[in-house]
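Since every read-out is calculated from the coordinates, none of them should be taken as a lab result. Fair warning: this is a prediction, and the values are worked out from it, not measured in the lab. Ideal geometry is used to build each Cβ from the backbone, glycine not excepted, and the neighbour counts take in all protein chains shown.
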Amino acid sequence: MPAPHSRRLREALLAYALILPSFVVFGIFIFFPFAKNIEIPFYETRGGIGFGQNKTGGTRTWVGFDRWRDVLGSDEFRDTLWVTVKFTVLTVPTGIALGLLLAVLAHQRLRGITIYRTIFSSTVATSAAVASVIFFSLIGPQSGVFKLRIDGIPLLEHPTWALPAVAVVTTWQSLGLAFIVMSSGLQALPDEVLEAAEIDGASARRRFFRVTLPLMSPTLFFAFVVGSIAAFKTFAEIDLLTPGGGTGNNTRVLAYAVYDAGFRTPNGEVRAAVLAVGLFTCVLILTLLQLRLERRVHYVA
Amino acid sequence: MGRVALTHVTKRFGKVAAVDDVTLDIADGEFLVLLGPSGCGKSTALRMIAGLDEPTDGVIEINERRVNGIEPKDRDIAMVFQSYALYPHLTVRKNIEFPLRTRDVERRERKRLVDEAATTLGLSDLLDRKPAQLSGGQRQRVALARAIVRHPAAFLMDEPLSNLDAKLRVQTRAELVALQKRLGTTTIYVTHDQVEAMTMGDRVAILRDGRLQQLASPHEVYARPANLFVAGFIGTPPMNTFAAALRDGALTVGDDTLALPADHGPLPQGECVAGVRPEHVTLGTDGRPDGNGGLRATVEFHESLGHERHVHCRLANRDILIARLAASAAVPADGDTVRLTIAPGDLHLFDHHTGERLDAGAA
């Protein structure tokens, strides 16, 4: 029967036609730069006219994996990755715990509870930049209202305490989202299971740890992975609160290192390209982890 | 001991009274069914007994102890939910064990009690499974096991069979009654299914709009409904009702007259609503000389259910009466004029304003 066949073909063509505009946009702004980013470190370019790697003319020499090995094997990359991991550990569990605490507090049938819910979720409306400006005006070394110092060193310039300070800002800024995610997770829990636990004699504390928390595990896992991905990509707070990546590079996270190499270091573009792929790989691993493990933490009631 | 008593219990949500001045006394070991359409307040009543909701007014007692304001865990009751409300992250064993763990029952005793409950409900081979690996019927049994493991003073059950398929429901119904009789534990069972109510309950409490309509044995609820609501709610098809009038010791329906039972007691004169169960309507041909004249009606249509037939007849005043006949009975053709006869003892009379049974005082 030719009719259904040609109709299917027409539908397929129409589908491709409709997809084409976004494909073009993605291709130009995402796929092409991404492929280029991976290609750059494999070549060395000499001579020619222009800036950085975008030179025309000149010679391109295949250098294989040398650049990759140099950059990813360097102490600098290792230190940067370590700072990033520390920053993630400082921000993500704290954010989830505080978001869950606020969600539990707001999950009461009390008069005026919506006011608290609005306040708790309000930081969703702030960007990392806004949060940084607010906190910089509070604790900035020169202009801050409080000018906090530890061992006589301004907090944000302190080799040890600058990273936790930035982590506080990030946690505060992401708390609104954490609260909303945890609240919706709580609201999705079956009331009857919690009531059954109440009748079965479980105290409020026991209900929380033995029933609520395990049932929340899909939400917690989701928040953990998404939070980690966001933490790995943190840039604005680092740049605004500790310009230059902090004293002794102690707040130099991976995303900041990419920016620093690409835009602030002469001839650092190749290093930036390698670091960017390193950052991408970390985020990819986290994403795959989520996709793989997500099903395991889901309970079918 | 497991006597449960509600005295003038009311629950208001804002201005709406979900339960309105309900008084119930449930004896130790009794199986009481709370029956009614959705929104009648039966679940709210159960939740108040459980302690999940507090009454606005009135007193609830369990075991001769006033439990208003007492936490659910301290009321010595167990509850089975419609959704079963199993803990999805725990195995069957841990689910059944949960109420024992919260009460710090010693480990060996815990194991003994869980094994006992599991054996009772045929769950011994499933103890290491998670709820997601069980069928609906098995989950339902786990919920029951979790309720019986602690030997509480009373079981509260909120439509526990409604998530099962029809066949399994019938089977589980019988098993549940047998289990309750064996354990002898007071059971309060909420359902909207009149068949469950009739087959399971020692007594049935029928609720409507938060008010208790009738509290009686299944037989009495069917044979002597307290009002028009109960008459219409119990029975499939429900009781036939039609406009009538009481005059000089007889019942007039349009131009026809029906005899009343000899011992009918005092009845008010004037308009009323009469009722008769479909199986109590006998069909005769028009003009048949009959001691009782019967009601003249036209056959509208009839339905065959295999084991019986329902003949829909229209009275002169346009009220419809359904006669329930045996499958083998001769059935008049649609459009035929027939005489419907009703034995005096099978008539039910209700006040046409309040809907209350008129001969409620009579035996």
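From helices alone, the protein assembly as shown scores -12500 deg cm²/dmol at 222 nm; the rule is -39500 (n - 2.57) for each run of n ≥ 4 DSSP H residues, then divide by the residue total. The mean sequence separation of alpha-carbon pairs under 8 Å and at least six residues apart, normalised by the residue count of chain B, gives a relative contact order of 16 percent.
Dipole magnitude for the protein assembly as shown: computed about the Cα centre from +1 point charges on Lys and Arg Cβ and -1 point charges on Asp and Glu Cβ, it is near 2840 debye.
Using a 10 Å cut-off around each Cβ, can you sort B:ASP125, B:ASP76, B:ASP28 from fewest to most neighbouring Cβ atoms? Mind showing how you got there, number by number?
Working: B:ASP125 9, B:ASP76 19, B:ASP28 14.
The fewest-first ordering by Cβ neighbours comes to B:ASP125, B:ASP28, B:ASP76.
Counting neighbouring beta carbons within 10 Å and listing from fewest to most, the residues B:ASP165, B:ASP53 come out as B:ASP165, B:ASP53. Using the Cβ of A:ASN249 as centre and a radius below 15 Å, the other residues enclosed give a net charge of -1, where K and R count +1 and D and E count -1. All alpha carbon pair distances within region B:230-351 were sorted into 5 Å bins beginning at 0; the resulting P(r) in whole percents reads 2, 11, 22, 25, 20, 12, 5, 2, 0. Here region B:110-210 has an Rg and Dmax of 14.1, 45 Å, counting Cα atoms alone. Taking Cα atoms only, the orientation of helix B:107-120 departs from the longest principal axis of chain B by about 30 degrees. Region B:238-282 and region B:121-162 have Cα centres spaced 49 Å apart.
What pairs in B:LYS73/B:LYS94; B:LYS11/B:LYS130; B:LYS73/B:LYS167; B:LYS42/B:LYS181 have C-alpha atoms more than 26 Å from each other?
Working: B:LYS73/B:LYS94 18 Å; B:LYS11/B:LYS130 37 Å; B:LYS73/B:LYS167 34 Å; B:LYS42/B:LYS181 23 Å.
Long pairs (Cα-Cα over 26 Å): B:LYS11/B:LYS130; B:LYS73/B:LYS167.
Summing +1 for each Lys or Arg and -1 for each Asp or Glu among the other residues whose beta-carbon sits under 13 angstrom from that of B:ALA118 gives +3.
When each of B:ARG146, B:ARG66 is scored by the number of other beta-carbon atoms lying within 10 Å, the sequence from fewest to most is B:ARG66, B:ARG146.
So how strong a dipole does region B:4-226 carry about its Cα centre when Lys and Arg Cβ are +1 and Asp and Glu Cβ are -1, to the nearest 20 debye? Mind showing how you got there, number by number?
Details: 33 positive and 30 negative charges, 147 e Å.
That gives region B:4-226 a dipole magnitude of about 700 debye.
Across the options A:GLY185, A:VAL24, A:LEU110, the greatest Cα extent toward the positive end of the charge dipole of chain A (unit charges at beta carbon of Lys, Arg, Asp, Glu) belongs to A:VAL24. Annotation for region B:214-236 versus region B:2-33: alpha-carbon center distance of 19 Å. Taking the charge dipole of the protein assembly as shown about its Cα centre, with +1 at Lys and Arg Cβ atoms and -1 at Asp and Glu Cβ atoms, the residue from B:GLY69, B:ALA205, B:VAL149 reaching farthest to the positive side is B:VAL149.
Annotation: lysines with alpha-carbon distance below 28 angstrom to A:LYS86 (same-chain offsets under eight excluded): A:LYS147, A:LYS233.
A cut-off of 5 Å between modelled amide H atoms, ignoring neighbours fewer than 5 places along the same chain, links B:MET157 with B:VAL80, B:ILE188, B:TYR189, B:VAL190. Here the dipole of chain A is about 480 debye; that uses its Cα centre as origin and unit charges on the Cβ of Lys and Arg (positive) and Asp and Glu (negative). Computed from the alpha carbon positions, the gyration tensor of region B:295-363 leads to an equivalent ellipsoid with semi-axes of 27, 15, 11 Å, biggest first.
Net charge in the neighbourhood of A:SER203 (other residues with Cβ under 13 Å of its Cβ; Lys, Arg +1, Asp, Glu -1) is +2. Taking θ as phi - 60° and the Karplus parameters 6.51, -1.76 and 1.60, the scalar couplings of region A:274-285 work out to 5, 4, 4, 5, x, 4, 4, 4, 4, 5, 4, 4 Hz in sequence order, x denoting glycine and proline. Each Cα pair under 8 Å and six or more residues apart adds its separation to the average, and for chain A the resulting relative contact order is 22 percent. Distance between the C-alpha centres of region A:160-213 and region B:54-99: 25 Å, rounded to the whole angstrom. For region A:40-46, putting each phi into the Karplus relation 6.51 cos²θ - 1.76 cosθ + 1.60 with θ = phi - 60° gives couplings of 3, x, 7, 10, 10, 10, 10 Hz, in residue order, rounded to whole numbers and with x for Gly and Pro. Farthest towards the positive end of the charge dipole of region B:230-351, among the residues B:ALA333, B:PRO238, B:VAL273, is the Cα of B:ALA333, using unit charges on the Cβ of Lys, Arg, Asp and Glu.
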